[in-house]
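Taking it in order: structure first as structure tokens, then the write-up.
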Amino acid sequence: MAPEAYTLEAAVAGWLASETGGKIRERAARAYDRYQKCGLKAARNLFHADE
């Protein structure tokens, strides 16, 4: 997986909003799916969050 800027932007936005790891993961997955059109379930499997 390439470290696409839109995924990083989504994760940083969640981090700045003091969201939990799970919410940040969801943001990153949604951003990845939006551009790669791989399906949200598949995008979620690409990211991991330690709570």
Filtering the range 27-51 for residues that are in a helix (DSSP H, G or I) and surrounded by fewer than 11 Cβ atoms within 10 Å (Cβ to Cβ) leaves a count of 1
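Any idea which residue in the range 7-26 is farthest from the chain's Cα centre (by Cα), counting only those that are in a loop (DSSP other than H, G, I, E, B) and not aliphatic (A, V, I, L, M)?
Start the filter on the range 7-26 by keeping residues that are in a loop (DSSP other than H, G, I, E, B), which leaves 17-20.
Among the residues that remain, those that are also not aliphatic (A, V, I, L, M) are: 18-20.
Values: S18: 15, E19: 12, T20: 12 Å.
Out of the qualifying residues, it is S18.
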Every listed condition ((1) surrounded by fewer than 14 Cβ atoms within 10 Å (Cβ to Cβ); (2) touching a residue at least 12 places away in the same chain (Cβ under 8 Å)) holds for A10 save (1)
Give all pairs with beta carbons closer than 7 Å in which a residue from the range 13-32 that is touching a residue at least 24 places away in the same chain (Cβ under 8 Å) and under 11 Å from F47 (Cα atoms) meets a residue that is of a type outside the set (V, I, T) and part of a helix (DSSP H, G or I); count only pairs at least 6 apart in sequence or on separate chains.
I24/A11; I24/G14; I24/W15; Y32/A43
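Bear in mind that the values in this text are calculations on the coordinates, not laboratory data. Predicted model only: the values in this text are computed from it and were never measured. Because the Cβ atoms are built from the backbone with ideal geometry, glycine has one as well, and the counts that use them run over all protein chains shown.
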